[in-house]
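No value in this document is a laboratory result; all are computed from the given coordinates. Being a predicted model, the structure only gives us computed values, none of them experimental. Glycine also receives a Cβ, built like all others from the backbone with ideal geometry; neighbour counts cover every protein chain displayed.
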């Protein structure tokens with residue numbers, strides 16, 4: 001007899017339209033077929049090739065996408081009062097320790113726990129129009145469309161009718177419950193009503209967004225169903241945090257691949273000395289090469305019902321995959337009550353080391369040890385992880401070679417081998433020392 | 001990046017020289033050449049934190065001629081037996097941008113180890129708090145065993161440690177200067193007993209450092225810079241951390257930051273674009289209240305509206321008439337907003353100005369959104385500032 005697993009938790013509200021009656025149909029200027037094609041949105045069309053990352057002569061300034069467009073529009077929505085709270089009024093600190101977990105206190109309003117809208121034991125579930133999805137979001141929550149311009153330079157148009165486009169519109173919307181300043185949602189092909197599952201084209205869109213932002217402090221993340229995705233409508237999240245994530249500082253150990261697979265140029269490593277086990281994918285001859293390898297791995301996980309989270313960091317050059325099992329443990333009653341009481345749902349940001357706490361006592365007492373303890377519950381066991389890793393390799397056609405492992409003990413921040421991003425155009429704020 | 005040996009190529013030498021002559025007049029090199037003692041100037045803004053100047057006295061102490069060390073990182077003086085803790089102390093001082101003295105084992109060019117008192121100090125731009133260079137003075141410590149010297153009192157002229165970071169150090173790809181003087185280069189001989197610097201050695205180091213500052217100041221006035229050994233207060237206001245200045249410096253819009261917690265809510269930061277817009281120099285306005293922009297045509301009601309919003313910690317956008325230094329009025333689209341730091345409390349107010357009489361191209365964005373981009377960028381920069389004004393640190 002199949003037991004359907006669900007858990008009760010306080011739902012994260014991503015849109016002001018999420019908790020309404022949910023009735024569609026309109027006059028509300030939403031993102032559905034009723035309104036979107038008939039309206040206009042700003043459009044940011046990114047360059048098709050990523051070869052020349054630096055100053056485009058006649059093109060947009062390199063910090064335009066992140067600083068002017070995204071942050072400017074976000075601040076505009078703040079001024080309009082669209083967010084549920086001012087995230088900059090939430091106290092934040094870096095927890096002393098090796099890894100430097102970032103803790104934030106957001107006491108918020110006391111919300112009732114409800115059963116999640118869908119079962120947590122299936123990673124792939126069909127899209128349900130009746131449930132909340134992003135076509136129901138009002139256009140005021142949308143900042144701009146984000147699509148491939150097909151050319152050598154990126155360009156921006158303030159007001160484009162949505163009917164005139166060679167691509168189905170993909171949009172960037174605000175997250176009305178932001179974790180940090182600039183927290184947005186990337187919704188690929190919103191009208192196609194895709195369920196929360198990774199596909200190559202959508203993942204590549206997310207990589208392009210990371211590349212356009214061109215800042216190591218602007219990351220994108222993905223949560224599968226069963227790994228604390230809130231809504232079963234394909235979306236990525238992104239925000240700006242001007243300190244390194246703990247996971248970005250953790251050492252990695254390269255997994256040598258058989259020579260014939262190296263033509264994509266992708267390097268795969270295992271994350272070391274971190275509470276959640278994960279795989280790290282880097283380099284790649286092109287963004288697409290990297291994206292395709294990662295997408296294949298995710299597709300294997302989805303098809304085999306392993307919940308997982310993905311972090312896109314370092315301007316799209318470094319991608320982490322974390323298979324996890326917390327929700328299932330929670331549903332089976334295997335998680336200790338004190339961890340449950342913190343109400344932390346370990347999705348991609350928490351796993352990466354950015355943890356929002358709802359009780360002041362938890363915030364004051366937050367320590368690297370307590371963060372580690374929580375995240376360790378999320379991780380697959382070593383045995384299970386190795387199994388999954390082997391299956392991923394098999395399923396994606398990668399072969400681990402027999403060569404001696406090269407251990408790369410350095411933290412990624414110490415290595416100087418990444419692409420030479422010119423410091424002069426990085427638009428981020430104050431940075432922090434290790 | 002270190003050159004393999006011999007003088008760096010011509011282009012590199014030009015860049016290294018420019019590090020000094022861009023900030024000070026050309027005569028500064030001659031003046032520095034007149035000073036006795038063995039010392040270096042390094043530029044933390046250049047890749048690898050290279051030595052940009054080395055004194056004539058370097059050769060007699062270390063066996064290196066200036067051209068042997070230009071362009072290289074100062075770690076070249078260290079060797080196998082150099083105490084790592086001492087090196088870490090220097091590195092930490094460089095990162096925290098404070099002065100530091102330590103007795104350390106260095107190696108001459110021929111590989112012979114010798115003890116020196118190393119005195120490292122930042123050279124700050126007097127007004128915006130940027131670190132322009134580091135100076136490093138080496139004073140030889142004599143061999144004779146002596147009583148334990150009195151604990152070194154940090155010379156009062158140098159500021160206490162502030163936990164600021166250089167922006168460039170954080171880029172994952174940059175092999176930059178956080179590792180300023182560090183790195184053990186395997187070179188042979190063992191050290192003898194650790195040595196202790198005498199009071200006389202310390203005074204000598206200090207006096208050399210002061211002479212360097214005097215020389216830099218004498219010649220910096222010619223190009224409009226003023227430098228000093230501590231982060232200077234302009235008109236009595238505490239200077240912003242240099243890293244905050246660095247990130248704010250990247251924001252292209254015309255804006256100032258004011259601090260409501262200080263008397264008369266003075267300007268604590270002004271962007272270059274603001275200075276161009278209004279015609280004032282930074283020195284003239286830091287520490288002053290924004291009312292210097294107002295004039296006879298400025299609406300009092302609008303000013304009152306701004307004040308009301310400031311008091312309730314709310315943002316507002318207004319149109320008003322403001323005045324440049326030369327008396328010319330301009331229609332100003334002004335957005336004022338409270339900015340919070342990591343503690344969640346309001347630390348500053350940002351005032352973003354836009355001259356509405358000029359046609360601007362914002363690449364398709366509306367002027368309002370363009371302005372708000374500045375506000376967002378300021379928020380992000382200030383958010384990583386803790387309540388004490390220092391940056392959030394990931395460890396310790």
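Mind sorting B:64, A:239 by how few other Cβ atoms lie within 10 Å of their own Cβ, fewest first? Each step should come with its number before you reach the end.
Values: B:64 19, A:239 22.
Fewest-to-most Cβ neighbours within 10 Å comes out as B:64, A:239.
Provide the three semi-axes, in whole Å and in decreasing order, of the ellipsoid equivalent to the range B:242-387 as defined by the square roots of 5 times the Cα gyration tensor eigenvalues. Don't skip to the answer; put the middle values down first.
Numbers: eigenvalues 95, 63, 49 Å².
For the range B:242-387, the semi-axes come out at 22, 18, 16 Å.
Using 0.36 nm times the number of residues separating residue A:376 and residue A:201, minus their current alpha carbon distance, what extension gain do you get? Please list the in-between numbers first.
Details: separation 175, 0.36 × 175 = 63.00 nm, distance 3.23 nm.
Length difference between fully extended and current span is 59.8 nm.
For each of A:322, B:362, count neighbouring Cβ atoms within 10 Å of the residue's Cβ, then give the residues from fewest to most.
Working: A:322 28, B:362 18.
Least crowded to most crowded, the residues run B:362, A:322.
Give the peptides A:246-256, A:390-400 in descending order of average Cβ contacts within 10 Å, highest first. Intermediate values should be presented prior to the final figure.
Working: A:246-256: 20.4, A:390-400: 15.8.
Ranking, from highest mean packing down: A:246-256, A:390-400.
To the nearest whole number, what is the average tally of beta carbon atoms from other chains within 10 Å of the beta carbons of peptide A:83-96? Walk me through the numbers on the way to the answer.
Numbers: counts 0, 0, 0, 4, 4, 12, 7, 5, 8, 8, 6, 8, 2, 4.
Neighbouring Cβ atoms belonging to other protein chains average 5 per residue here.
Mind ranking B:367-376, B:202-211, A:124-133 by how tightly packed they are, going by the mean number of other C-beta atoms within 10 angstrom, highest first? Numbers along the way, then the final one.
Numbers: B:367-376: 24.3, B:202-211: 18.8, A:124-133: 15.1.
The peptides rank, most packed first, as B:367-376, B:202-211, A:124-133.
Give me the mean projected area, in nm² to one decimal, of the convex hull enclosing the Cα positions of the range A:254-354.
On the way: hull surface 30.3 nm².
The number I arrive at for the range A:254-354 is 7.6 nm².
For peptide A:60-67, compute the average count of partner chain beta-carbon atoms within 10 Å of each residue's beta-carbon. Mind dumping the intermediate values first?
Values: counts 2, 2, 0, 5, 5, 0, 4, 9.
Per residue, the number of nearby Cβ atoms from other chains is 3 on average.
Which ordering of A:283, B:379 is given by a fewest-first count of other beta-carbon atoms within 10 Å?
Values: A:283 16, B:379 25.
Sorted ascending by nearby Cβ count, the order is A:283, B:379.
How many angstrom lie between the C-alpha centres of the range A:138-167 and the range A:285-342?
Their Cα centres are 29 Å away from one another.
Other chains near A:210-217: what is the mean number of their Cβ atoms within 10 Å of each residue's Cβ? Intermediate results must be reported in sequence, preceding the final value.
On the way: counts 0, 0, 0, 0, 0, 1, 4, 3.
Whole-number average of other-chain Cβ neighbours for A:210-217 is 1.
How large are Rg and Dmax for the range A:74-214 when calculated on the C-alpha trace, in angstrom?
17.8, 52
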